[in-house]
């Protein structure tokens with residue numbers, strides 16, 4: 001006796017045609033209404049981006065307009081001259097010394113701060129015990145919140161006197177390089193070199209915090225695999241952690257460089273203002289953009305303020321170029337991306 005059901009069996013599902021995308025349960029449906037929350041979030045995100053671009057354009061437009069008024073009446077080459085006398089007849093002002101002082105002090109700060117910050121970040125994230133790493137990270141976070149005027153007062157009252165011995169030693173043993181040669185060894189250490197050290201201390205917490213967070217995000221499986229293959233702790237960090245954190249190190253360094261380029265009060269408190277161009281970084285005389293603006297803005301007339309704004313425009317452009325170069329480096333070198341580590 002046939003025990004099978006008399007009903008017909010359902011035909012098997014048809015196979016998709018060649019080249020057709022397989023149907024999934026999560027496939028989007030045409031004409032599906034977007035939820036109000038998504039519309040609001042997309043509108044807010046787009047509006048925030050547009051607002052930021054408008055603000056940047058407004059700042060650039062204001063600086064360019066006021067700078068054009070001053071530069072059109074300048075009697076010397078604004079980009080290369082070493083004189084600053086907008087009240088003269090005819091007015092003469094240039095940013096040669098200011099650009100030199102700003103760039104050199106920032107480079108000194110980066111040379112000192114970046115290696116130390118990376119070392120501290122590695123110590124906190126991979127070497128220090130938890131009971132030491134947590135308080136140390138908290139202290140570094142507090143250093144990032146200290147106002148710049150406090151750093152300036154500390155630099156003027158403590159750092160400048162105690163750097164006298166170091167500057168004399170550099171002059172004695174490295175003075176033959178001209179860079180560390182002091183014209184007057186008895187003068188206080190209110191120089192670009194001192195400003196560079198102070199800026200390095202100021203940007204150290206910024207670079208350390210960002211770099212530490214990037215190192216903590218390194219895939220643990222890579223580190224465990226390296227250790228399982230017999231690699232030492234340093235070899236594990238060199239092959240697994242540092243390649244993953246390259247983009248973070250570059251981004252953190254650019255954040256620190258941005259603060260170093262635009263720092264005002266600390267530099268104005270420590271540096272002796274001047275417009276003397278010299279390769280001797282231990283001698284007073286060179287100034288920076290921010291320090292010159294802070295020192296001369298209150299006493300300047302309308303035309304003098306336009307000249308200061310023109311120097312601010314140059315600093316604005318330099319900052320944009322530095323950040324653009326960092327983004328270009330990261331985009332050009334795909335291996336800097338943590339996703340490809």
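What follows is calculated from the coordinates using simple rules that are stated; it is not laboratory data. Source: prediction; values computed, not measured. Cβ sites come from the backbone with ideal geometry, for glycine too, and all protein chains shown count toward neighbours.
Results, tabulated for the structure shown:
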quantity: Full-extension gain in nm, residue 87 to residue 320, via 0.36 nm per residue minus C-alpha separation; calculated: 80.9 nm
quantity: Principal-axis tilt of helix 164-174 within the chain, Cα atoms, nearest 10 degrees; calculated: 90
quantity: Residue order, fewest to most beta carbons within 10 Å, for 183, 264; calculated: 183, 264
quantity: Sites residue 55 and residue 227 - FRET efficiency at Förster radius 56 Å, r taken between beta-carbons, to 0.05; calculated: 0.70
quantity: Using alpha-carbon coordinates, inclination of helix 36-71 to the longest axis of the chain, degrees; calculated: 20
quantity: Residue with peak Gaussian network fluctuation, the chain [Cα springs, cutoff 10 Å], from 196, 165, 155; calculated: 165
quantity: Mean shadow area of the chain over all directions, Cα convex hull, nm²; calculated: 33.4
quantity: Peptides ranked, highest mean first, by Cβ atoms within 10 Å: ranges 235-244, 282-291; calculated: 282-291, 235-244
quantity: Exposure proxy order (Cβ contacts within 10 Å, fewest to most) of 74, 89, 301; calculated: 89, 301, 74
quantity: Using alpha-carbon coordinates, inclination of helix 130-144 to the longest axis of the chain, degrees; calculated: 50
quantity: Sequence-separation-based contact order of the chain, relative, with Cα cut under 8 Å and 6+ spacing, percent; calculated: 24
quantity: Helix-only [θ]222 nm of the chain, DSSP H runs n ≥ 4, -39500 (n - 2.57) each, per residue, nearest 500; calculated: -19000 deg cm²/dmol
quantity: Exposure proxy order (Cβ contacts within 10 Å, fewest to most) of 164, 141; calculated: 141, 164
